[in-house]
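To keep things clear, I will list the structure first and then write my remarks on it.
The values are calculated or read from the model by the stated rules, or taken from the named source; none is laboratory data. If you're wondering where the values come from, they're calculated on a predicted model, not measured in any experiment. In this analysis, Cβ positions are derived from the backbone assuming ideal geometry, glycine residues included, and neighbour counts consider all displayed protein chains.
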C-alpha cells in the first residue's frame, strides 16, 4: 500500500497544480484528501475539515450526496458518453427543459459545454457572430469591468480584469473597452458606500456614448465579482447596466458561473435586479460539484440569426468532445430536481440570516476594513489601516497565513489575497456556520495579533 509520504512525492513529481506557485511546496506539502461527506472532507491522515469554500464554489449540496451518487450510477449502466452532433440523449434533453423552465421565458435555447470558461467562450463567440449575421460586422468590441474574472481561456481572459491573473497574457488577448468596477469599499468615483447614485456607472455610459456602434455587448458577473475579491455591488448597478444595454442596443451577457443555482439566495443572481439578460452562462453549481458541465442559454432572437440553409454558412461552429456528457447531464438533472423538490433555496433563508449575524463579530477586529454579504457568500477585506484603507503588501501574503491557521483549526478557507470569504455548501447547519466563522475569527487573530 502506498504511504502518505510516497503519495506526496509522486504528486510533486507528476502534478502541476492550478493557481499554485509550485516552489511553495518545498515548505508546505499539498494535503491528500481521502473522502467527503456533507460539508466535511477528510485527509488520508484522518484530519477533518469544513469545506468553507465549497471546493472552489462548486459543491452546493455537500459531498457524497446519495441522490446524486445514485443518479450517476444509474446512468453509468446505460451509456457513459455519446457525441451531441447528430445525436442526443434523454439526460441532455430533460436537463435543457428543466433549465428553460427555471429561467425567464425570453431564454429558450441551451448550448452545452464543459466548464465556466468554455460557457463564456461560447457566449462571446455567439454574441459576435450574431451581429455579423444580422448585418452589423463592425461590432467587434466587448465592454467588461475592472476586477472581473470570467475564466482562463483566451477569450475569457480577454474580458477579464484581474491583473494578477491576466496581465502576463496581454499581448495574446483581443481588445476590449474596460469600465470601472462597482467596488463600493474602494469607490472609483470617491463616493461613500451606501451613499451614492451609482456614479461608478458613468465610465460605462461614456464608452457607450462614444463607441456603441462597435460594441457587441457588456459582460458582467451579476452582483458579485468573485475572483476579483468577492466584490459585492448594489442591485441598482445591475439594473442600470441592463437599461444601458437597452438604450444603446447592445447585448447583456450574464456570467452566472459562480453565483447561479441559489448562491445569492435566489436561483440566479440576475433575478435580484428583475432583468432578463440576452445570454447567461452557468457551470459550477450546475452539477453540484460532481462533474464538469456548463451551459450557455440564450434567446430565440439570437438563435434565429444562425438558423438557415447550410450553404448560407451561418452555423455556429463550436463544440467540445464532452459536450452534454450523459453522466454530467444526469447528475445535473438530479441536482435540479433536488433544488426544486427539497425547496433548497427557500431553506437557505435562516442560514443566510445566521451568516449575517455571525459576520457582526468581525467588526471588533482592528484589521477588518469591510464586511460584505449576499446570500450564502460572506467576505472580509483585511487592511493594514482601517482609516486609510491601506492594504497589506502583496509580499506579506496575509491570506496564506490565515489559510494555514484555519487548517489547524479544521476549516478550509482559501482567501483571495487579503479577502477571507465564506461560500459553504448549502447543507451546512446554522451551528456549523457559527463554528466556521469562529474558526475564521480565531485564525485572523492568530495571524495578525
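Looking only at strands (runs of 3 or more DSSP E) that fall completely inside the range 1-106, which ones have 3 or more residues that are touching a strand residue (DSSP E or B) at 6+ places or on another chain (Cβ under 9 Å) and free of Cβ contacts under 8 Å to residues at least 40 places away in the same chain?
Numbers: elements: 33-37, 40-43, 48-51.
Result: 33-37, 40-43.
I need a count of the residues in the range 247-276 that are within 17 Å of residue 142 (Cβ to Cβ) and touching a residue at least 60 places away in the same chain (Cβ under 8 Å).
5
Picking from 287, 298, which residue would you name as being surrounded by 24 or more Cβ atoms within 10 Å (Cβ to Cβ) and over 26 Å from residue 73 (Cα atoms)?
Among 287, 298, only 298 is surrounded by 24 or more Cβ atoms within 10 Å (Cβ to Cβ) and over 26 Å from residue 73 (Cα atoms).
Can you name every residue in the range 107-135 that is over 24 Å from residue 85 (Cα atoms) and touching a residue at least 12 places away in the same chain (Cβ under 8 Å)?
Matches in the range 107-135: 131, 134.
In the set 161, 217, which member is under 30 Å from residue 58 (Cβ atoms), within 22 Å of the chain's Cα centre (by Cα) and in a loop (DSSP other than H, G, I, E, B)? If you could, list the steps in order and put the result at the bottom.
Details: 217 fails: in a loop (DSSP other than H, G, I, E, B).
After ruling out the rest, the residue left standing is 161.
Only one of 210, 205 is outside any loop (DSSP other than H, G, I, E, B), within 26 Å of the chain's Cα centre (by Cα) and under 20 Å from residue 245 (Cβ atoms); which? Step through it out loud before you land on a result.
Numbers: 210 fails: within 26 Å of the chain's Cα centre (by Cα).
Going through 210, 205 in turn, just one is outside any loop (DSSP other than H, G, I, E, B), within 26 Å of the chain's Cα centre (by Cα) and under 20 Å from residue 245 (Cβ atoms): 205.
Considering every residue within the range 171-184, establish whether at least one is part of a helix (DSSP H, G or I), modelled with pLDDT of 95 or more and either out of contact with any helix residue (DSSP H, G or I) (no Cβ under 8 Å at 6 or more places or on another chain) or closer than 20 Å to residue 304 by Cα (or both).
So in the range 171-184, the residues part of a helix (DSSP H, G or I) come out as 171-172, 184.
If we keep only those that are modelled with pLDDT of 95 or more too, we end up with 171-172, 184.
Going one step further and asking which of them are either out of contact with any helix residue (DSSP H, G or I) (no Cβ under 8 Å at 6 or more places or on another chain) or closer than 20 Å to residue 304 by Cα (or both), we end up with 171, 184.
Within the range 171-184, one or more residues are part of a helix (DSSP H, G or I), modelled with pLDDT of 95 or more and either out of contact with any helix residue (DSSP H, G or I) (no Cβ under 8 Å at 6 or more places or on another chain) or closer than 20 Å to residue 304 by Cα (or both).
Kindly indicate the residue of the range 40-60 that is buried (at least 21 other Cβ atoms within 10 Å of the Cβ) and in contact with a helix residue (DSSP H, G or I) (Cβ under 6 Å, 6 or more places away or on another chain) and also farthest from residue 403 (Cα to Cα) among those meeting that condition.
Across the range 40-60, the extreme among qualifying residues is 60.
Among (1) without any contact (Cβ under 8 Å) to a residue 60 or more places away in the chain; (2) farther than 17 Å from residue 57 by Cβ, which single condition is residue 286 missing?
Of everything listed in (1) without any contact (Cβ under 8 Å) to a residue 60 or more places away in the chain; (2) farther than 17 Å from residue 57 by Cβ, residue 286 misses just condition (2).
In this structure, is residue 271 closer than 30 Å to residue 351 by Cα, surrounded by fewer than 23 Cβ atoms within 10 Å (Cβ to Cβ), in the same structural domain as residue 125 (by TED's automatic domain parsing) and out of contact with any helix residue (DSSP H, G or I) (no Cβ under 9 Å at 6 or more places or on another chain)? Can you show your working first?
Values: closer than 30 Å to residue 351 by Cα: yes; surrounded by fewer than 23 Cβ atoms within 10 Å (Cβ to Cβ): yes; in the same structural domain as residue 125 (by TED's automatic domain parsing): yes; out of contact with any helix residue (DSSP H, G or I) (no Cβ under 9 Å at 6 or more places or on another chain): yes.
Against the criterion (closer than 30 Å to residue 351 by Cα, surrounded by fewer than 23 Cβ atoms within 10 Å (Cβ to Cβ), in the same structural domain as residue 125 (by TED's automatic domain parsing) and out of contact with any helix residue (DSSP H, G or I) (no Cβ under 9 Å at 6 or more places or on another chain)), residue 271 qualifies.
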